[in-house]
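Please read the structure below before turning to the comments.
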Amino acid sequence: MPKLTIHKLGEAIFFRCTGRIGFGECHVLRHAVFSHPHIAIAVLDMAEVTSIDASGLGLLVELRNWASTNRIQLKLLNLSPRVANLLAVTI
């Protein structure tokens, strides 16, 4: 089960993810982000993410589309090289 810490800093909300983002666990991050629809910037800090599967990757794409639709800046911090490469290929 992933752990999520949320901090507000000005117009941005930081979501610090710890653990695995994958099938059966994505709902934690999805619910946290979607429950803040009136923010200007959503920052996902992925420094402590241990693994991500296809469901987690799909969630990141879903969050990107949601942010774009709602005119929210979505920023991903501290991606592992593997996840950054997967996103580059997917998006």
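The values are calculated or read from the model by the stated rules, or taken from the named source; none is laboratory data. Note that this is a predicted model, so its numbers are computed, not measured. Glycine gets a Cβ as well: all are built from the backbone with ideal geometry, and neighbour counts include every protein chain shown. All accessible areas refer to the heavy atoms of the entire protein, side chains included, with ligands and DNA or RNA removed. Shrake-Rupley method; radii C 1.70, N 1.55, O 1.52, S 1.80 Å.
Given Val83, Val89, which one is part of a helix (DSSP H, G or I), modelled with pLDDT under 90 and open to solvent by less than 40 Å² (accessible area, probe 1.4 Å)? Please lay out each step first, then the result.
Working: Val89 fails: open to solvent by less than 40 Å² (accessible area, probe 1.4 Å).
Matching residue, one of Val83, Val89: Val83.
Taking the numbered list (1) aromatic (Phe, Trp, Tyr); (2) out of contact with any Ser or Thr (no Cβ under 9 Å at 6 or more places or on another chain); (3) open to solvent by 70 Å² or more (accessible area, probe 1.4 Å) in turn, Trp66 passes all entries but (3). Taking His7, is it within 14 Å of Ile72 (Cβ to Cβ), without any contact (Cβ under 8 Å) to a residue 24 or more places away in the chain and surrounded by fewer than 14 Cβ atoms within 10 Å (Cβ to Cβ)? No: the conditions fail for His7.
Residues in region 10-54 that are open to solvent by 10 Å² or more (accessible area, probe 1.4 Å) and of a type in the set (Phe, Trp, Tyr) were compared, and the one that is modelled with the lowest pLDDT is Phe23.
For region 49-73, which positions are more than 13 Å from Cys17 (Cβ to Cβ) and assigned to a helix (DSSP H, G or I)? Don't jump to the end; show me each part of the working.
If we filter region 49-73 for residues that are more than 13 Å from Cys17 (Cβ to Cβ), which is where we start, we get 53-55, 57-58, 61-62, 64-73.
Result: Ala54, Ser55, Leu57, Gly58, Val61, Glu62, Arg64, Asn65, Trp66, Ala67, Ser68, Thr69.
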